[in-house]
Every structure is written in structure tokens, then in C-alpha cells.
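Encoded as C-alpha cells, the structure appears first; notes follow it.
The values are calculated or read from the model by the stated rules, or taken from the named source; none is laboratory data. The structure displayed is predicted, hence computed values, not measured ones. Note that each Cβ is placed from the backbone with ideal geometry, even for glycine, and that neighbours are counted across all protein chains shown.
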Amino acid sequence: MKKFIATLLLFGGCSLLFAAEQGVKQNNKFGWIFDLETLVKLDSQKEDSLEGRDIDSNGIRDDVESYVEQKFENDPFQKEMFLEAAQKIQEIITLPKNTSVKKHLKLDKELLSLYTCRDYILYREKEDQIEQEMLNKTLFKAKVLNTKERLSAYIEHKKMLPMNFDDLTKDRLKSEKNECLARYRSFSNEEGDSIVSSAKGMGKIN
């Protein structure tokens, strides 16, 4: 790493070209110096490592974030659900080995809640496309867990969970469904109800 930094300082011209290729903004003639930390991140965050590359440090690998934003560009509801899911999975597979089962269980429930909400809405609103939508979820999981190390970490996480941990009461289930519907409607309203025309007919779960 020291050798890498020294090379950057000695060969400013080459570094400047490298920074430009990575989309790093140059504010002035010597602006690249102030982006040295970003350049070091680009060198040190290996794409195939467990953590992967996350230059903006938002908890989502850059390759996954780009994949979701492009694939669901015209579906903001699914885009947000999958970005949150990616964040949860990234947190799960990078948990320290001494993390409690309680923490693993909490994150797993939150991830499952995202998937369940997304599937619930799609079954109601896109039933004729449900096979493709289920495939999209599988492809998403494959993208997030795209190395042996990442997949192994996720499997180990699953092994730590109790066999039966579904403690949702009937009232809690109704509450989660209503929260899911409200979240979906918020996107419909923001987009002028353009996501799905039948959203207005979705009533409250009783």
C-alpha cells in the first residue's frame, strides 16, 4: 500500500488519468491530491473479497448497487426493496464471528420482511409476471452472493438460526401487511400512480 501511495505522488500525471477514469472530480489543478483516500480505497477494496468495493460507504457493494439501479430503473419500489436487501445481506455476511445468534436472527427477520413485502405486492399487482419476478429475486441473490466466500458466509449465518423462529402473531402479521401496502402506495403517489394503476383499489388488511 505504501508503495502504491508513493507511486501516486511521484507520477501525478498518471494518477490524474486514473482518477478521471474512476469518476473522481478534480476541483483544481492539484485536486487529485485531496482524492487520495478514494484512490487508495479503489486499490485496497478488492472486488472479489468478502466485503467487496463500496467507495461511497453506504453499506452496499458498488457492483450490486449499479446492478439494482439499472435493472429496476423504472420500478422505484423494487429498487428500494432490493437495495435495502443488499445492505442487509452485506451486513450479515460481514458480521464478526463472535456475533450473537440474537443479532443474526434480527437481521434475518428484517431481510425476510423485505422479501415478503416485495413478493406480496407483486403477487397482487403483477400476477401474470410473477414467474419472471421470482426469477429476478433469484438473480439478485446470485449477484450479491457471487463468490464462494460470500455464499459460504451466508450459509454459515443460516446455520446459526433456530429451526423455527417465526414468532409473528396474527395482529403483527396484519400490521406488517398494512405497513407494506403503505410503503408501496408512497411510491405510487410519488410517481403519479404510474407504477400500477390498480394501486388505488388496494384496501387495508382487516
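What's the number of the condition LYS200 fails, among (1) at pLDDT 90 or above; (2) assigned to a helix (DSSP H, G or I)? Status for LYS200: all satisfied but (1). Restricting region 151-186 to residues that are modelled with pLDDT of 85 or more and of a type in the set (Phe, Trp, Tyr) leaves a set whose member that is nearest to the chain's Cα centre (by Cα) is TYR154. Residues that are closer than 21 Å to TYR154 by Cα, assigned to a helix (DSSP H, G or I) and either of a type in the set (Ser, Thr, Tyr) or touching a residue at least 60 places away in the same chain (Cβ under 8 Å) (or both) within region 51-93 comprise ASP63, VAL64, TYR67, VAL68, ILE89, ILE92, ILE93, listed in sequence order. Scanning region 94-106 for residues that are of a type in the set (Lys, Arg) and not in a loop (DSSP other than H, G, I, E, B) turns up LYS102, LYS103, LYS106.
Selection of region 107-132 for residues being without any contact (Cβ under 8 Å) to a residue 60 or more places away in the chain and either over 17 Å from the mean Cα position of the chain (by Cα) or not in a helix (DSSP H, G or I) (or both) yields LEU122, TYR123, GLU127, ASP128, GLN129, ILE130, GLU131, GLN132. Within region 160-174, none of the residues are part of a helix (DSSP H, G or I) and surrounded by 17 or more Cβ atoms within 10 Å (Cβ to Cβ).
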